[in-house]
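K.L.:
A single structure is presented below for examination.
The values are calculated or read from the model by the stated rules, or taken from the named source; none is laboratory data. The shown structure was predicted, so the numbers you read here are calculated from the model rather than taken from an experiment. All Cβ positions, glycine included, derive from the backbone under ideal geometry; neighbour counts span all protein chains shown. Remember, those area values only see protein heavy atoms, side chains included, never the ligands or the DNA or RNA. Shrake-Rupley method; radii C 1.70, N 1.55, O 1.52, S 1.80 Å.
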Amino acid sequence: MSLELLLSRFLYYVEKGDPLPVAFKKARKMGRYKIDSNDAYEKAKLLVLQYLSLKGRSRRKKVKEFLQGKGAIVFPDWMEKRLSGLYDIGELKKSLIRKTTWFWVNTLKADEDKVIKSLENKGVVLERDKDYPFLYKLINGNLSKTEEFREYKVVIQDKASVSVVATLSPKKGESIYDMTSAPGVKATLIMVLTENGAKLTLSEVEYKRLIREVNFMKNVGVNLDRVNIIHGDATHLTFSKKFDKVLLDAPCSSSGMISNEPTVLLRLTERKVLELSKLQKRLLDKALFLSNTVVYATCSIFPEEGEAVIKNVSHKVVFSKRFIPYIHGTEGFFVSRLEG
């Protein structure tokens, strides 16, 4: 079957509300297509990025227009207006199709030097990061197709996301609370950097996400005897003691990861951003009550989910940084460290 039919079916699921990977998987299941799956997935991603520019009234007409090269990356009007005074909009849009892959070696399961040498022998071209020596940038090669990836010896994580844990600077023996922890990559990196030596508490409100997180941590070799796992809403949980450090990777608009999940452009509203900002303030107040050292972060490109949240906090802001995709080669992130 044709690429046009696959993309039309894919668009049906996107319009129903499915995220990109789910919609693509459902469309693939509906028939056999004589096309490269990886190429089709990238086409599907670009189709969603350009969706708002396509004039066709039906899904099939939109897809035809897209395949004829008539589309362009367009933000919703409110987003375009809000971001124009903050960023180079043209460069921001270009960055959505220039994805940089970052990864680190899981030293709970393998020796870093041996893994890197093995990857290089397989033709993977990489570059060690200057800011975080344990982090690598993929220059060439398909990391997800390697044995090292399948066996959880390497973990893909964006540099901006890694910076959240690096800013926390976890140490062995410290009690650390990860407030909204799923999918668990940051919690895992905490345990990797402390050689399973931290005393970690994590909470997640969505049960299915929590189960997937726990399974991931098992697979990567995290010592779950050192992890207190809570299924619950962090805004309502109470603790009898404070923690050495709290990580608040807060629920947000995910506007910083549009390059991975472009359906954000079709779902997000200005009102939702403001609602999320209020939620982040409540969570941050709770975090500041639980520890004298808090790292607050969001995968967002809106200052309402970052600078505005930490503007009048009780703790001192000792570090803050905004990662901008077209400048830093990362997802859009805001990261701050607060100490009281």
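K.L.:
When the helix-only estimate is applied to the chain (DSSP H runs of n ≥ 4, each -39,500 (n - 2.57), divided by the residue count), what is the mean residue ellipticity at 222 nm, nearest 500 deg cm²/dmol?
P.N.:
Helix contribution divided over all residues of the chain: -12000 deg cm²/dmol.
K.L.:
Might you report the magnitude of the Cβ-based charge dipole of segment 60-212 about its Cα centre, with Lys and Arg at +1 and Asp and Glu at -1, to the nearest 20 debye?
P.N.:
Around 780 debye, computed over segment 60-212.
K.L.:
Next question. Tell me, in nm to one decimal, what length is gained between Ile327 and Asp88 on full extension, where the rule is 0.36 nm per residue of separation less the Cα-Cα distance?
P.N.:
Gain on extension, Ile327 to Asp88, equals 85.0 nm.
K.L.:
Right, another one. Wrap a convex hull around the Cα atoms of segment 229-289, take a quarter of its surface area, and give that in square nanometres.
P.N.:
5.5 nm²
K.L.:
Taking the Cα centre of the chain as origin, sum charge times position over the Cβ atoms of Lys and Arg (+1) and Asp and Glu (-1), and report the length of that vector in debye to the nearest 20.
P.N.:
1180 debye
K.L.:
To make sure I understand the rule: partners must be aspartates and glutamates, Cα under 15 Å from the Cα of Lys242, and not fewer than 8 residues away in the same chain. Which ones qualify?
P.N.:
Within reach: Glu174, Asp178, Asp285, Glu339.
K.L.:
Over the chain, what portion of Cα pair distances is larger than 38 Å, expressed as a whole percent?
P.N.:
Value for the chain: 18 percent of Cα pairs lie more than 38 Å apart.
K.L.:
Hey, another quick one. If you put +1 on each Lys and Arg Cβ and -1 on each Asp and Glu Cβ, how big is the dipole of segment 32-121 around its Cα centre, in Debye rounded to 20?
P.N.:
That gives segment 32-121 a dipole magnitude of about 900 debye.
K.L.:
Which residues in segment 280-309 have a backbone N closer than 16 Å to a point placed 7 Å from the Cα of Arg267 along the Cα-to-Cβ line?
P.N.:
299-301
K.L.:
Here is a follow-up. Any idea what diffusion coefficient segment 153-195 gets from Stokes-Einstein, in µm²/s, Kirkwood Rh on alpha carbon pairs, 37 °C, 0.692 mPa s?
P.N.:
My calculation gives 303 µm²/s for D.
K.L.:
With a 1.4 Å probe and every protein chain left in place, tell me how much accessible area Asp111 has, in Å² to the nearest 10.
P.N.:
80 Å²
K.L.:
OK, next. Of the options Pro76, Pro325, Ile190, report the single residue whose Cα projects farthest towards the positive end of the charge dipole of the chain (beta-carbon charges: Lys, Arg +1; Asp, Glu -1).
P.N.:
It is Pro76, whose Cα lies furthest towards the positive end.
K.L.:
Expressed in nm to one decimal, what extension gain is obtained for the pair Arg150 and Lys81 from 0.36 nm per residue of sequence separation less their Cα-Cα distance?
P.N.:
Answer, rounded to one decimal: 20.6 nm.
K.L.:
Can you give the accessible area of His315 in Å² (nearest 10), computed on protein heavy atoms with a 1.4 Å probe?
P.N.:
30 Å²
K.L.:
Considering every Cα-Cα pair within segment 165-253, what fraction, in whole percent, is farther apart than 20 Å?
P.N.:
26 percent
K.L.:
Continuing with this model, one more query. Per 0.36 nm of contour for each residue apart, how much would the distance between Thr235 and Glu127 grow if the chain were fully extended, relative to their Cα-Cα spacing?
P.N.:
So the extension gain works out to 34.8 nm.
K.L.:
Order Trp104, Trp78, most accessible first, counting only protein heavy atoms with a 1.4 angstrom probe.
P.N.:
The ordering from most to least exposed comes out as Trp78, Trp104.
K.L.:
I'd like the accessible area for Leu193, computed on protein heavy atoms only with a 1.4 Å probe and all protein chains in place. Round to 10 Å², please.
P.N.:
We get 70 Å² for Leu193.
K.L.:
Could you tell me how far the Cα centroid of segment 22-51 sits from the Cα centroid of segment 278-333, in Å?
P.N.:
Segment 278-333 and segment 22-51 have Cα centres separated by 35 Å.
K.L.:
May I ask you to evaluate 6.51 cos²θ - 1.76 cosθ + 1.60, the Karplus curve with θ = phi - 60°, for each residue of segment 110-120 and list the ³J(HN,Hα) values in order in whole Hz, giving x for glycine and proline?
P.N.:
7, 7, 4, 4, 5, 5, 4, 5, 4, 5, 5
K.L.:
Follow-up question, since we're still on this one. Rounded to the nearest 5, what % of the DSSP beta bridges within the chain are antiparallel ones?
P.N.:
Here the antiparallel bridges make up roughly 60 percent for the chain.
K.L.:
Among the listed pairs Lys70/Lys272; Lys25/Lys153; Lys16/Lys272, which have their C-alpha atoms separated by more than 24 angstrom in this model?
P.N.:
Lys70/Lys272; Lys25/Lys153, as the Cα separations exceed 24 Å there.
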